[in-house]
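Chemist: Can you keep this structure in mind? I'll have questions shortly.
Bear in mind these aren't lab numbers, they're just calculated from the coordinates by the rules spelled out. Quick caveat, the model's predicted, so the values are computed rather than measured. Methodologically, a virtual Cβ is constructed for each residue, glycine included, from the backbone with ideal geometry; neighbour enumeration extends over all protein chains shown.
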Amino acid sequence: MFLRYQQVSRIIELVKPKTIVEVGTWNGDHALIMAKTALRHQTAVHYWGFDLFEGSSESIDIQEFNFRSHTKLEEVKEKLEKFQRSNKGFTFNLIKGNTRQTIRANINASWPDPKTQKEHILGEADLSYIDGGHSIETIQSDYNQLKNSKTIVLDDYYTPDENGNCPTTKKVGCNELLTNIDHFILPACDRLDSGGVIQMAATGKNFMRKLSLEQKKIEKSSQKFTRTVVTSFSPLGYYSYGKRFIEQFARFWPKKVKLIIYLEAPLPIKTTEQIETRMFSKICPEIIEFKARHMNNAKANGFVDGKTKNYRYDAVKFCHKVFALTHCALSNPSEKLYWIDADTIFFKPITNAFLNQILPKGYYTSYLGRRDKHSETGFMGFDLQHNSNIEFMEFWKNIYDQDMIFDLPEWHDCFVYDELRKYFEAKFAVKSFDIRKDYEDDHHPFINSPLGGFMDHLISDRRKEAGCSFASDLRTTRKELYWQLVPYMPEEFVVNKI
Ligand SMILES: C[S@@+](CC[C@H](N)C(=O)[O-])C[C@H]1O[C@@H](n2cnc3c(N)ncnc32)[C@H](O)[C@@H]1O
């Protein structure tokens, strides 16, 4: 099953619907999953399923970009009746025909709650899941009819993949519709065979209220740019995650925190007073020289045994972070600097209290420590006004400028940072703050630290591919809406890719 479908069940866990409408019942399998989940929370659940079933035609399939085969209404009905025999609280109606007409015709239909005798109207369903015809006209029509549902989930939200491929959103999907509607894009991503990334969106007054309770507090700070976030990405990284990072930064970070992005090549990024880009080639010739010296050296690119790549020795790949961070730390007038990997998602407004918590007063640097391994440097914080800052940053840069990195046991940025930090702690009594000090488990330290209350880090290819970390990555109870929505890691990932 596609990863994004799991999120419909996650939403059902969250909103506990009695009335569920599915536009596009198809073979009825998802109807059963939704009903089973809802029946964990309600004694009576009613399902309204709309589909063309066997009544489709070639011309409708073309118009609706339907690529799946159709299932007969009787077959689906038998499946749901079988489920009903062992789940007495479950009732349903299946409605055959084109939803451009059938939803309107049934919008005031209702079902009686056996316990309360209350009539629940279809048009005010607790959850409507719109996943029928793919044409923008049909999605618009389905949404218009069902817009009074308390929570609405729409499939078919498209974004370009790394190669720029994407379905034509002027013709298919819900992108056009959502330009005028307050909504939330659900985290999980699936890939389309034809190119592009597909996600789901959620809206509806109850869902948006839950979201706004978390998202309304954007703090105003009185001073100008006392804090800076620095990051870097390649052109490929920009299209995979950098673009989203910038959009979410603008949305969730206080306006007085600056973002500085170090780039290898010009990219179509709109700079503002808050968001600045810097070209490595113009301001940091040392990285160009370092890469030129080691570009053709397989060992310095992680191939120490000449055959397999080992990230622990990939000095070239992991040098960008160090050159960007040290350059920024030595040329930036703000007080606090945070490195954040650009494959990070922000989902909740960042507060000053949180920023103080992750780099408390009196500490020079903060980091995500691990017990049995090097730190996770997806996040690092620095107090730029600390006495040791200039010496620390110049030392770090020199390790690369003078190729001293190759005298160390490992050549990636995490190892070098840890060594340097420990050296400054021992020699200059510099205080470092381990954001993870209260946590026992080393698994996915970023999200299982206070950072996880505001952000997600898509560490490793499988999480980048999924568009989010997994609910099964959590080792701590999280109440944020985002974490209620992310899917569990699929079996095939657990078996094949761990
Ligand atoms: C992607 S499938 C639905 C998948 C299903 N919701 C699930 O989660 O497994 C889309 C369904 O919408 C139906 N459909 C497409 N256009 C339609 C239309 N205009 N009216 C009614 N049903 C339509 C198709 O017959 C197909 O069964």
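Chemist: Just to confirm a number: summing +1 for Lys and Arg and -1 for Asp and Glu over residues other than MET200 whose beta-carbon lies under 9 angstrom from that of MET200, what do you get? Intermediate results must be reported in sequence, preceding the final value.
Modeler: Values: positive: ARG4; negative: ASP131, ASP155, ASP156.
In short, -2.
Chemist: With each run of n ≥ 4 DSSP H residues scored as -39500 (n - 2.57), what mean residue ellipticity at 222 nm is computed for the chain after dividing by its residue count and rounding to the nearest 500 deg cm²/dmol?
Modeler: Mean residue ellipticity at 222 nm (helix-derived): -9500 deg cm²/dmol.
Chemist: Would you mind checking the radius of gyration and Dmax of segment 227-459 based on alpha-carbon positions, in Å?
Modeler: Using the Cα atoms of segment 227-459, the pair Rg, Dmax is 16.9, 48 Å.
Chemist: I would also like to ask the following. Looking at the chain, I'd like the Rg to Rh ratio, where Rg is from alpha-carbon atoms and Rh is Kirkwood's inverse mean 1/r.
Modeler: For the chain, the value is 1.03.
Chemist: Below 8 Å between Cα atoms, with a sequence gap of 6+, how large is the relative contact order for the chain in percent?
Modeler: Contact order relative to length: 12 percent.
Chemist: Then there is this: Could you tell me which of the pairs LYS336/LYS437; LYS256/LYS437; LYS282/LYS373 are separated by over 26 angstrom between their Cα atoms in the structure shown?
Modeler: LYS256/LYS437; LYS282/LYS373
Chemist: Here's another thing I want to ask about it. With an 8 Å cut-off on Cα pairs and a minimum separation of 6 or more residues, tell me the relative contact order of segment 227-459 in percent.
Modeler: Values: 382 pairs, mean separation 51.6, N = 233.
Relative CO of segment 227-459 lands at 22 percent.
Chemist: Subtract the Cα-Cα distance of ILE283 and ILE62 from 0.36 nm times their separation in residues, and report this length gain in nm to one decimal.
Modeler: Details: separation 221, 0.36 × 221 = 79.56 nm, distance 5.34 nm.
So the chain would gain 74.2 nm between ILE283 and ILE62.
Chemist: Can you tell me the FRET efficiency between ASN297 and GLN140 if r is taken as the Cβ-Cβ distance and R0 is 51 Å, rounded to the nearest 0.05? Write out the running numbers ahead of the final one.
Modeler: Working: r = 56 Å, r/R0 = 1.11.
In this case the efficiency is close to 0.35.
Chemist: Whole Å is fine, so just give me how far the alpha carbon centre of segment 307-382 lies from that of segment 465-482.
Modeler: 21
Chemist: Follow-up question, since we're still on this one. Exactly which trypsin sites (Lys or Arg not before Pro) in segment 126-210 are in a DSSP loop and have at most 15 other Cβ atoms within 10 Å?
Modeler: Loop-located and lightly packed - LYS147, LYS170, LYS171.
Chemist: Sum up the charges of everything whose Cβ sits under 15 Å from the Cβ of CYS319, counting Lys and Arg as +1 and Asp and Glu as -1, but leave CYS319 out.
Modeler: Charge balance in the 15 Å sphere: -2.
Chemist: For the chain, take the longest principal axis of its alpha carbons; what is the angle in degrees between that and the long axis of helix 285-294, to the nearest 10 within 0 to 90?
Modeler: 90
Chemist: Can you give the relative contact order of segment 248-298 as a percent, counting alpha carbon pairs under 8 Å and 6+ residues apart?
Modeler: 29 percent.
Chemist: Compute the long axis of helix 319-330 from its Cα atoms, compare it with the longest principal axis of the Cα atoms of the chain, and write down the angle in degrees, 0 to 90, nearest 10.
Modeler: 70
Chemist: List the aspartates and glutamates whose alpha-carbon lies under 12 Å from that of LYS258, not counting same-chain residues fewer than 8 positions away?
Modeler: List returned: GLU273, GLU276, GLU335.
Chemist: Take SER212 and GLU124, extend 7 Å from each Cα along the Cα→Cβ direction, and tell me the distance between the two endpoints in nm.
Modeler: 2.0
Chemist: THR308 to ARG191: FRET efficiency via 1/(1 + (r/R0)^6), r the Cβ-Cβ distance, R0 22 Å, to the nearest 0.05? Numbers along the way, then the final one.
Modeler: On the way: r = 26 Å, r/R0 = 1.19.
My answer for the efficiency is 0.25.
Chemist: Where the only charges are on Cβ atoms (+1 Lys, Arg; -1 Asp, Glu), what is the dipole of segment 299-361 about its Cα centre, to the nearest 20 debye?
Modeler: Here the size comes out at about 140 debye.
Chemist: Sorted by packing (mean other beta-carbon atoms within 10 Å per residue), highest first, where do 138-144, 92-98 land?
Modeler: 138-144, 92-98
Chemist: Along the charge dipole of segment 304-344, pointing to its positive end and built from +1/-1 on Cβ of Lys, Arg, Asp and Glu, which listed residue (ASN332, VAL316, VAL304) has its Cα farthest out?
Modeler: My answer, from the dipole projection, is VAL304.
Chemist: Between 0 and 90 degrees, rounded to the nearest ten: what's the tilt of helix 205-215 against the longest Cα principal axis of the chain?
Modeler: Result, in degrees: 10.
Chemist: Further, regarding this structure: In the neighborhood of LEU330, defined by Cβ-to-Cβ distances under 10 Å, what is the net charge if each Lys or Arg adds +1 and each Asp or Glu adds -1? Don't skip to the end; give the middle numbers.
Modeler: On the way: positive: LYS397; negative: GLU394.
Around LEU330, the surrounding residues sum to 0.
Chemist: Here's another thing I want to ask about it. What is the magnitude of the charge dipole of segment 227-459 about its Cα centre, with +1 placed on the Cβ of each Lys and Arg, -1 on the Cβ of each Asp and Glu, and no other charges, expressed in debye to the nearest 20? The partial results should precede the final answer.
Modeler: Numbers: 31 positive and 30 negative charges, 128 e Å.
Dipole size: approximately 620 debye.
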